[in-house]
Amino acid sequence: MAFWARQISIWCSSVKTSNVANSIQQLRRTRRMWMQLHELSVLSLLCTDNQFFQRGLKTYQSVSLGSRLQSTNSSNGQIVSSENNLLSPVNHYQQQAEVMPSSDTETLYEVWEDTPPSSALEEISEEEAVQIVAEPPLPLGSFTLRDYVDRSETLSKLVLLGVDLSKVEKRPHAGQLLLRLDFEKDVRKRLLFLKDVGVEDHQLGPFLTQNPYILAVDMEALETRVAYLKSKKFGKEAVAQMVSRAPFLLSFSVERLDNRLGFFQKELGLSVQKTRDLVVRLPRLLTGSLEPIKENWQMCQVELGFRRNEIQQIVTKIPKILTANKRKLTETFDYLHNVMGIPHHILTNFPQVFNSKLLRVKERHMFLTFLGRAQYDPAQPSYISLDKLVSMPDEVFCTEVAKASVKDFEKFLKTL
Amino acid sequence: MAARRAARTGLNGLFAVYKPPGVASIRVRDTVETLLLKELNSLEQPAVQQQVRFLPTTVEGNAGKELTLTVTQLPVLAAHPLVRGPEFTHLKIGAGHRLDTKSSGVFVLGVGHGNKLLTDMYNAHLTRAYTVRGLFGKATDDFSDTGRLIEKTTFDHVTRDKLERILAVIQGTNHKALLMYSNIDLKTQEAYELAVEGLIRPMEKTPPLITAIRCLQFAPPEFQLEIQCLHETQQYLRKIVHEIGLELKSTCVCTQVRRIRDGFFTLDNALLRTHWNLQNIRNSIQDSKSKVKVGLQRSLSCQARSGKRHTDMDQVAESKLHSTEGMSASDLTHKMR
């Protein structure tokens, strides 16, 4: 007991002597005090910024109980506090506190300490008093980064940069990764690298929200990949655009990127320049899986009946078709071709219709039929082009294309 | 913070949306919820909470550098929206009488405390009105024009007169069934009072009953009917159209089922897809509050009066009733004499 009493006195020197004595009294009674002790003992170890070496502390640090960190059972939710940034061996003390109650303190004292700790009534200097930090201890494991963000320099700086931690912590192992990183050593280098590549400042936040794993990628690997892209004659702005719009791009190895680019060139039969434009417009193509793209390509040829050059034209204008939902694409095409009676060549000229929602196209077409203005053949008078049909907002559509008021359109919609 | 809480408290009650055809009603409910959440979360954010902290700093003191504590106010990052996540993640929105994917029309939704009123509306057993379009000459397996074709017939012999005769027969049989299921002895004074107020209808679960049916348009091969019914499903209405075709010694498919009234929510109250935002929904809830209150209360009092019906006194707070029901009830009282 005397041993613990001395520890208390060292570490809460701001507490008056009488209080210390009282607390020593209580120590002898309740077990709950062990937890309080644990807290008090941990307090001093929590400040990350200053070097806080007190005499008492040295004794503990000289002892290594080997239980530095809990095993990283980092599943999706669990985030275990890392050693570097946040806490010294907290579990070490917890185990101690649990083991302590029954054992003889005198024997422990002999086992663990070489130098005798100072007396309880010893006064410490102002500087040491100022360095005492009395904050509550951090939880050992948590499902959210909220508990650690105030005390961790890395996390605070990421939040100020604009990274959405509530989304990042939902990704597998991402929270654990961020906690282990050190801002000065790891994060800063990679952020500067991304800025060199051309990602804007305001884009860095969303970028890291989508792909926090890039902070763990090797710097040489990142540089090799950017060099590879430049060797394929992608300009600096093109690379910047690709990287900022597809955050996972630089997490892919060079072989994989090569594979993908080769696939697009051979399968789609596009020229090198056109492949480059396609990939710059929709860099997601390089990061997604290739199976859906192959299936979409097959579907366009076989089911929808477009010729090869027509598909190439459509894809150059609207690359999103390659990643679109097959069922929705078929339904839209079915309505456009069979119900509205639009032939393939007009659809090739206006592929934007595949982008829009089927319901919208249906409602507008039915309204035009009701008014008798549904004319999609360029040869006939009062022809309505497909891009005007879908791209405009409702008011513009009503006044210019349908030549009716918005109220009439709404009344018509309620009769559908 | 105040603006957001105020916006959220206004969202309690019933409102009607117009469900477009081809979309499942659950998706409509989910879309409305997503849109409302997006708007609520985008309202102005309060300033991040500040916390007073004492940080150790080095200052030039009397004897060289010394450590002191300085007071600073720092934002508490744990309360920052980027760390905490969006404030509203879920809204309780319940759906009233559902519409299946192919049909369209008035679809009642309840939000927040209004979900309790949805139960009351269900227990009030109010009627619903539909317009149904049919097409002569075809018969399909699911009674609608998108099903697999089974039979084709001629329909030159069909006239409006014959159609109306069939509709009268349907209305008559359904009316008899209505009275039977209502469990009312027609010779009592109580029955007369209920009939005068226009309320004779079954107050528990029954098979579908048609209270009124009439022909709006007849232009062969197409025709349009208006049907007022109780406890129905849209597939039942399509089956009725098919049976009308069979009775007329031809065949018929149903091309459109559209609900124009659900209890006391009509087409005018229903919000179109383009108007699904916070402000419009709040206005709609506000407007329909009084109607709902009056109507449900009437229904509760009538249910309490007639001893034969089982009502839960605790549940029904207010109920609006069928001023439009009067149409079917007056037919009823007319036929009773």
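Quick look at the values:
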| read-out | value |
| --- | --- |
| Single residue of region B:247-290 satisfying the filter (closer than 28 Å to B:L216 by Cα and part of a helix (DSSP H, G or I)) that is nearest to the other protein chains (Cβ to nearest Cβ) | B:R273 |
| Residue match in region B:122-130 (condition: within 30 Å of A:S142 (Cβ to Cβ) and assigned to a loop (DSSP other than H, G, I, E, B)) | no |
| Checking A:Y335 against (1) within 14 Å of chain B (Cβ to nearest Cβ); (2) modelled with pLDDT under 90; (3) in a helix (DSSP H, G or I), the condition it does not meet | (2) |
| Residue match in region B:33-48 (condition: free of Cβ contacts under 8 Å to residues at least 24 places away in the same chain and of a type in the set (A, V, I, L, M, F, W, C)) | yes |
| Any hit, region B:30-45, residues being among the β-branched types (V, I, T) and over 36 Å from the mean Cα position of the chain (by Cα) | no |
| Region A:359-416 - residue that is farther than 23 Å from A:H337 by Cα and of a type in the set (A, V, I, L, M) and, of those, surrounded by the most Cβ atoms within 10 Å (Cβ to Cβ) | A:A404 |
| Residue count for region B:160-195, restricted to those that are outside any helix (DSSP H, G or I), free of Cβ contacts under 8 Å to residues at least 24 places away in the same chain and surrounded by 12 or more Cβ atoms within 10 Å (Cβ to Cβ) | 1 |
| Residue match in region B:220-227 (condition: under 30 Å from B:T119 (Cα atoms), charged (D, E, K, R) and within 26 Å of the chain's Cα centre (by Cα)) | yes |
| Hits in region A:146-170 (condition: within 18 Å of A:P206 (Cβ to Cβ), free of Cβ contacts under 8 Å to residues at least 40 places away in the same chain and either surrounded by 21 or more Cβ atoms within 10 Å (Cβ to Cβ) or among the hydrophobic types (A, V, I, L, M, F, W, C) (or both)) | A:L155, A:V159, A:L160, A:L165 |
| One residue from A:L336, A:L290, A:L322 being of a type in the set (A, V, I, L, M, F, W, C) and over 13 Å from A:N355 (Cα atoms) | A:L290 |
| B:T255 being in contact with a Ser or Thr (Cβ under 8 Å, 6 or more places away or on another chain) and surrounded by 20 or more Cβ atoms within 10 Å (Cβ to Cβ) | no |
| Hits in region B:191-207 (condition: on the phi < 0 side of the Ramachandran plot and modelled with pLDDT under 80) | B:E197, B:L199 |
| Residue in region A:129-141 that is assigned to a helix (DSSP H, G or I), within 12 Å of chain B (Cβ to nearest Cβ) and either in contact (Cβ under 8 Å) with a residue 12 or more places away in the chain or farther than 22 Å from A:V199 by Cα (or both) present | yes |
| When residues of region A:145-175 are limited to those that are assigned to a helix (DSSP H, G or I), of a type in the set (S, T, N, Q) and under 21 Å from B:L55 (Cβ atoms), the one farthest from the other protein chains (Cβ to nearest Cβ) | A:T154 |
| Subset of region A:363-416 that is β-branched (V, I, T) and within 14 Å of chain B (Cβ to nearest Cβ) - its residue that is nearest to B:G105 (Cα to Cα) | A:T415 |
| Scan of region A:299-321 for residues that are touching a Gly at 6+ places or on another chain (Cβ under 9 Å) and surrounded by 15 or more Cβ atoms within 10 Å (Cβ to Cβ), ordered by number | A:Q312 |
| Number of positions in region A:237-255 that are surrounded by 13 or more Cβ atoms within 10 Å (Cβ to Cβ) and part of a helix (DSSP H, G or I) | 12 |
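Residues checked against (1) under 30 Å from B:V28 (Cβ atoms); (2) touching a residue at least 40 places away in the same chain (Cβ under 8 Å); (3) surrounded by 13 or more Cβ atoms within 10 Å (Cβ to Cβ):
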position	(1), (2), (3)
A:W297	no, no, yes
A:K328	yes, no, no
A:T332	yes, no, yes
A:H337	yes, no, yes
A:N355	yes, no, yes
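The values are calculated or read from the model by the stated rules, or taken from the named source; none is laboratory data. Note that the structure is a prediction, hence the values are computed from the model and not measured. Quick reminder, even Gly has a Cβ in these numbers, built from the backbone with ideal geometry, and neighbours come from all protein chains shown.
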